[in-house]
Amino acid sequence: MQPPSVRTVGIVVGATILLTLFHFTDNIVNVDEYPRPDALSGQAIQIAGLIFWPVMAAVGVVAYRAYRAGNFGVAHPFLIAFSSLGLISLLHFTSAPPDELTTRGLVSVLIDGIMGFTVLGVALWSILARRPEAAT
């Protein structure tokens with residue numbers, strides 16, 4: 001099995017950064033339209049989004065640069081961590097069913113989840129393809 005190319009990893013990381021930016025921006029601007037646990041204020045969600053998205057986007061960039069440099073020992077864990085940028089959006093469904101989100105919110109949450117699973121899949125594909133027994 002061939003591992004994903006540097007181009008594939010770059011496209012997945014770049015697309016995830018751009019697509020999650022839409023959801024995180026929408027969540028920050030329209031915080032009252034998203035269901036959340038009673039224990040979390042809208043302001044806490046906004047602050048978390050303003051911190052979490054840039055930090056995780058940077059993790060994605062580090063993962064891509066390490067992958068491009070052939071440093072898979074760094075790239076793989078960073079890609080797995082980066083997948084949380086999309087996967088964490090699915091936590092909206094722990095506060096309310098999907099029909100309580102706006103259409104825009106629901107679509108952006110689902111896209112984030114798809115991108116999170118895509119990043120995780122690419123990371124696992126690379127890990128499995130680079131196992132010593134996979135090379136034989």
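None of the figures in this text is laboratory data; all of them are computed from the coordinates on show. Here the structure is a predicted model, which is why all the values come from computation and not from measurement. No Cβ is skipped: glycine too gets one built from the backbone with ideal geometry, and neighbour counts run over all protein chains shown.
Details
- Least to most buried among 53, 125 (fewest other Cβ within 10 Å first): 125, 53
- Once the Cα atoms are used to define both axes, helix 103-129 deviates from the longest principal axis of the chain by about 20 degrees.
- Residue among 102, 25, 16 with the largest mean-square fluctuation in a Gaussian network model of the chain, springs linking Cα atoms under 10 Å: 102
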